[in-house]
Every structure is written in C-alpha cells, then in structure tokens.
Amino acid sequence: MYEIDVVEIRKKAKLLVLKKSVYKFAYEFIYFFFKFLYRLLNIASLGLLSVFISSIFFPITIIKSKKKLCEIAGQQYVKFLPVKKYFSKIGLKFLINLTNFVLFLFFVVPGVIFWLNFTPLSYIIADNIKLNNKQAIQKCKEFTKNRKTEILSLYLPFSIYFVLSIVTFGISSFYFANYFTNTKALYYINLKETHEYMQKQKTSLL
C-alpha cells in the first residue's frame, strides 16, 4: 500500500485558503457557521440529530463536494445531480448514519472504524454520479482499505479547531471552514490517484 502524506495535504489546503476570494470566504463561513451550530445541537442530542439532518442535506453536501473538486482542478462547475437521485442518496446516507449511530452507541471503536470507511463518500459520488449506491459503498471500502490510521491522523488535528470554534462562538470557522474542506478534497484526490495507480500495477502483473 502506498501511503499518502497527510501533512503535505494539510499544507496545500492552507495555501488554497489564502487564494480564496472574499466572496467565497464569506459563503463558506456562513455555511460552516450553521453547520457548527448544528453540530452543537447534535452533541446535545447524543448524535441522533445527525442521523436525520445530515441525511436530508446529503445531496447539498455532494454538490458542495463537486464544486470543491472543480475549484481545485480549475474547472467550471456544471449542475450534475438530477433531482430524481436526491431521494436515493438521502436513503443511502440515512442507512449509513443509522448504522453508525447504533455502533457508536454500543461499540465506540467499531463505530469509529465504520465512520472512517465512509469519509470520502460525498466526493466519490460527486466524482462518479453514475455509480449506484451499492457501487459507491464498494468504492468507499476500496479507497479506505488499510488506511484507517492514515485517515484518522488527517482528521484528528481538526478537533482542536472544532474546540476553538466553540470557544470563539464559530468566528474561527471563517478560516477553519475553508481549510477543512480543502483538506478533505485534496485527500480524496490523492486517494483516487493512488487507487488508480495501484489498480494499474495489479493489471500489469497479470
């Protein structure tokens, strides 16, 4: 398995933040600020709120993921998610969230592992809209196989920013929102490239 340099990814994510326009900064800040409030309510409800809310808004998350991938690639964003697929994606996310909630409630470690399995889900769907739900789940498992520690090391430092967001009543989200979304998108791109390279290596050995 080829390891991905998560430290380098975070450095690139910070550089992308500096290149943001004021408009995009403001847009992502407002989005993340409301997401921050939602997370506080989610903690208060022991995670039950996210089972429903994040499922309902999952199509928007997919669209945001696509916009971020286009932004990094320097491409023009084009609407790509048909309305008829909304309910299918909401259903997929609901089943994943519900399973994750139950695992977290009774078995914390399996819950974390299960959550790590699906961290790139919105980007996989955004990048491959023709995939059905079963294929998207399979792709997630392939991308994250043997990478749980790596993904955890990528996400863990952001817990500090989340605590800082609580202390500053969401003001620090102005910077953190862009940094976090850039990091997730860049890591997905590296995951995809590494997976494709490994698949080619396997094919060449046959």
Around Ala73 (Cβ within 13 Å, Cβ-to-Cβ, excluding Ala73; K/R +1, D/E -1) the net charge comes to +1
Taking a threshold of 18 Å on the Cα-Cα distance, which of the pairs Lys148/Lys184; Lys14/Lys192; Lys12/Lys68 fall above it? Lys14/Lys192
Taking the mean number of other Cβ atoms within 10 Å as a proxy for protection, how do you rank 96-107, 192-203 from highest to lowest? 96-107, 192-203
Could you give the nm distance between label points at Gln138 and Lys67, where each point is 7 Å from its Cα heading toward the beta carbon? 3.2
Order by neighbour count: Arg10, Arg147, fewest other Cβ atoms within 10 Å first, most last. Arg10, Arg147
Taking R0 as 25 Å, what's the FRET efficiency between Ile129 and Tyr197 from their Cβ-Cβ distance, rounded to 0.05? 0.60
How high is the FRET efficiency between Ser204 and Leu48 when r is their beta carbon distance and R₀ equals 41 Å, given to the nearest 0.05? 0.25
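Coordinate-derived values only; no laboratory data. Here the structure is a predicted model, which means the values were calculated and not measured. Note that each Cβ is placed from the backbone with ideal geometry, even for glycine, and that neighbours are counted across all protein chains shown.
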